[in-house]
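Scroll down for the structure; my scribbles are underneath it.
The values are calculated or read from the model by the stated rules, or taken from the named source; none is laboratory data. For clarity, every value in this text was computed on a predicted model and none was experimentally measured. Cβ placement follows ideal geometry from the backbone for every residue including glycine, while neighbour counts extend to all protein chains displayed.
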Amino acid sequence: MGAATMMRRALMSIALLITVLPATAHEIRPTIADIEVGQDEVTMSLRLTLETLIAGIDLRDVNDTNDAPEAAVYDRLRGLDPAALEEALREAWPRISQGFILQSGGETLTPEIAAVQIPPVGNVELPRDSLLTLTAALPEGDAGVQIGLAPQFGTFIPRQIGGGTDAYEGFLDGGELTPELPRAEVLTEGWLDVFLRYIGAGFEHIIPLGLDHILFVLGLFFFATIIRPLLAQVTAFTVAHTITLALAATGVVTIPASIVEPLIAATIVFVGVENTLGWGTTRGRTLLVFAFGLLHGLGFASVLGDYGIASERFAVALIGFNIGVEFGQLAVIAIAFALVGWFISKPWYRKVIAIPASVVIAAIGAYWVVERTLL
């Protein structure tokens, strides 16, 4: 295969991938609910992106609002002042309310808006988190309540308040319901349940949500010719981003996403270019990966904050999340090896596979640098 043919194929791959890349500034955020179950009424305080609900975006089909058919409506709503957005919410409430699922004693409950707090218009390129308080009357009796979101409303993180550090906190896909939350007491869960849940969350934030982290790990894969140093690099990457994730999620280090995200994209460019030009050594790459991992950890910083994990469980959540991330990274390597790893020892592997793949990785990273700084 000639150099011109390889470059043509790489450029075609770049063009195809760029057309489907998501704009991370318009990412989908989970809905977090603090739930209080009284004897006669259930109250939910929800932190969510109202514009998504009002626009009617089906979150089953998109990971980014730019990919939704309602993207133009969503963008217009982002520019509305709080009063206008609240008016739009109340007009659309008969439709939106059907997406909040509350059940008790075999009855379906009807939620009502108790209060709305909407921040002023800020950076319209970033999601605007509003606070929506809903109430619903409970039927007579002692039956608890199950709560969830319709599938099109996306990920739901419910927390029953009033039960201390062991109070129930869920991580539910759209359409899933909580266990029955009792009226007379608070449903509790142990540290192991939290630990296992955040392993799943960490894995999910690599596969399928972490495309930039996937590309970085693939960049490491296409540099390696021996698996053991590659696994050491991935572990160094995990250790490094664990450090900065803990510092950033606890507020010790605060760096705006507008700075972190372009720099993460730049690390992808560097790795792809280094692979293509044949720079670096295994030891040097490991040290570099650790340094880049510190930066990538800042990119994960919003994750634990988005989930609203209680401070008393932060260490358990952090450890579980990073184990999940490590599993996700190893899964990426396993998939890549299953596809092309059989050819690593072949003399043509670098020319035919590793270099074209690295060119594509570098090009995607370069696109993200431009997108996250200029577009």
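Figure legend. Inter-residue proximity from region 83-97: first residues on the phi > 0 side of the Ramachandran plot and in the same structural domain as Gly56 (by TED's automatic domain parsing), second residues small (Gly, Ala, Ser) and at pLDDT 95 or above, beta-carbon distance below 9 Å, spacing 6+ or different chains. No pairs are indicated. In this entry, Leu318 is excluded by the filter for residues that are free of Cβ contacts under 8 Å to residues at least 12 places away in the same chain, over 29 Å from Asn66 (Cα atoms) and assigned to a helix (DSSP H, G or I). Across region 96-117, which residue is farthest from Ala84 (Cα to Cα) among those that are polar (S, T, N, Q) and not in a strand (DSSP E or B)? In this case the residue turns out to be Thr110. The residues of region 189-210 that are assigned to a helix (DSSP H, G or I) and farther than 10 Å from Val325 by Cα, listed by number, are Trp191, Leu192, Asp193, Val194, Phe195, Leu196, Arg197. Here Pro151 does not qualify as touching a His at 6+ places or on another chain (Cβ under 9 Å) and either of a type outside the set (S, T, N, Q) or surrounded by fewer than 17 Cβ atoms within 10 Å (Cβ to Cβ) (or both). Looking at this structure, is Gly293 closer than 24 Å to Ser358 by Cβ, among the small types (Gly, Ala, Ser), assigned by TED's automatic domain parsing to the domain that holds Ile227 and modelled with pLDDT of 85 or more? So Gly293 fits the description; yes.
Put simply, of Ala68, Ala55, Ala83, Ala114 the only residue that is more than 17 Å from Thr31 (Cα to Cα), in contact with a helix residue (DSSP H, G or I) (Cβ under 9 Å, 6 or more places away or on another chain) and not basic (Lys, Arg) is Ala68.
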